[in-house]
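Comments concern the structure below.
Computed from the coordinates by the stated procedures, all read-outs in this text should not be read as laboratory data. It should be emphasised that the depicted structure is a prediction, and the values quoted were computed from it without experimental measurement. Quick reminder, even Gly has a Cβ in these numbers, built from the backbone with ideal geometry, and neighbours come from all protein chains shown.
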Amino acid sequence: MEVRVGSSPDSWGVIFPSDPKQTPWQRFLDEVAQAEYDWIELGPYGYLPTDLTTLQPELERRNLQVVGAEVMHPLEDPSAWPALEAETRKVAETMVALGADYVMLIDDVYRDLFTGDSTAPKRLDDGAWKRLIDTINKAAEIVRDEFGLALVFHPHADSHVEHEDQIEKFLEETDPDLISLCFDTGHHAYVGGDPVEFVRKHHRRISCLHFKNVDENVRNKVLSENIPFGKAIKAGVFCELFEGVVDFVALCEVLNDIDYNGFAIVEQDMYPVPFDVQLPIAKRARAYLREIGMG
């Protein structure tokens with residue numbers, strides 16, 4: 001087993017490309033390095049500088065390496081394809097320049113993060129599902145054929161690929177040589193799944209992991225009251241790695257059993273949050289993972 005541990009802007013309260021309530025990007029880079037992470041994801045496109053002449057020196061002087069970056073759009077909506085295609089190419093070009101491994105694709109959420117108002121059906125009909133799969137395939141082919149990178153797909157709470165049956169259907173209908181998963185333990189637990197057993201069962205389709213934990217009491221309230229994702233984050237549904245429902249000791253055993261060799265990006269979605277909260281949490285997460293034998 002070789003788990004290369006990193007972190008991402010999510011753990012510093014960043015969920016939008018730009019927002020004054022979020023940690024300034026220079027402070028994020030300073031603090032992620034202080035917390036002794038060597039690897040990062042770039043978070044939402046535009047949060048960190050998109051100009052390589054600015055970004056690359058900032059990474060180098062902190063000894064940070066980039067593993068990937070995300071692209072998030074409504075994948076079943078044909079009208080979203082031009083923006084998705086353009087952003088995918090920009091992100092992939094940046095990843096190549098930075099020596100990164102993957103582009104991470106996420107389906108947009110089906111309701112407003114904070115009001116809970118529906119913006120799309122909760123579950124897709126057959127036609128919309130086919131469009132989603134076709135869109136992911138097209139993006140994956142661009143990433144592979146034009147840039148020599150891997151596309152990983154991230155199942156996400158409040159999106160059209162969130163529950164285990166949806167993820168398994170996605171796996172059945174996509175080519176393992178073209179698309180693999182970035183599997184998020186917290187998002188899986190958020191909707192009531194067992195992330196440890198999922199990794200055991202489907203590890204051959206998982207090429208990277210997001211390590212996140214969930215407060216059981218807040219999660220139960222979220223599910224019973226149908227609270228939207230943004231409000232759930234604000235209520236503290238995601239907690240420190242050693243406190244929630246995800247058993248990371250058991251997960252470590254599974255990763256050892258399957259001889260996992262890949263990245264694990266630590267995330268604790270927070271928004272909004274005072275800027276002095278994140279660094280101590282990031283340090284504790286890094287120390288905890290070392291204690292249980294990961295990274």
Among Ala69, Ala250, Ala150, residue whose mean-square fluctuation peaks in a GNM of the chain (springs only between Cα atoms under 10 Å): Ala250
By the C-alpha gyration tensor axes a ≥ b ≥ c (rounded if a/c is under 1.5, else prolate when a/b exceeds b/c, else oblate), the shape of the stretch 223-289 is oblate
State to the nearest 20 debye the size of the charge dipole of the chain about its Cα centre, where the only charges are +1 on K and R beta carbons and -1 on D and E beta carbons. 540
Normalised contact order of the chain, rounded percent, pairs of Cα under 8 Å and 6 or more residues apart: 24
About its Cα centre, what dipole magnitude does the stretch 1-154 give when the only charges are +1 on Lys and Arg Cβ and -1 on Asp and Glu Cβ, stated in debye to the nearest 20? 100
Helical mean residue ellipticity (222 nm; -39500 (n - 2.57) per DSSP H run of 4+; nearest 500) of the chain: -12500 deg cm²/dmol
Which residue, Thr174, His210, Thr88, has the largest displacement toward the positive end of the dipole of the stretch 75-214 when charges sit on each Cβ (Lys, Arg +1; Asp, Glu -1)? His210
Of all DSSP beta bridges having both residues in the chain, the percent classed as antiparallel (nearest 5) is 10
Given the candidates Leu255, Phe242, Leu124, the one whose Cα lies deepest towards the positive end of the charge dipole of the stretch 121-277, counting +1 at each Lys or Arg C-beta and -1 at each Asp or Glu C-beta, is Leu124
Once the mean of 1/r over all distinct C-alpha pairs in the stretch 79-167 is inverted, the Kirkwood radius in Å reads 14.1
Rounded if a/c is under 1.5, else prolate if a/b is larger than b/c, else oblate: which is the chain, with a ≥ b ≥ c the root eigenvalues of its Cα gyration tensor? rounded
Can you tell me the FRET efficiency between Lys21 and Asp117 if r is taken as the Cβ-Cβ distance and R0 is 22 Å, rounded to the nearest 0.05? 0.55
Sorting Val161, Ile136, Leu55 by the position of each Cα along the dipole of the stretch 42-164 (Lys, Arg +1; Asp, Glu -1; all at Cβ), the one nearest the positive end of that ordering is Leu55
Compute the separation of the alpha-carbon centres of the stretch 180-194 and the stretch 1-46 and state it in Å as a whole number. 20
Taking 0.36 nm per residue of separation between Phe275 and Asn63 and subtracting their Cα-Cα distance, the length gained on full extension comes to 74.1 nm
Unit charges on C-beta of K, R, D, E only; dipole of the stretch 104-175, Debye: 140
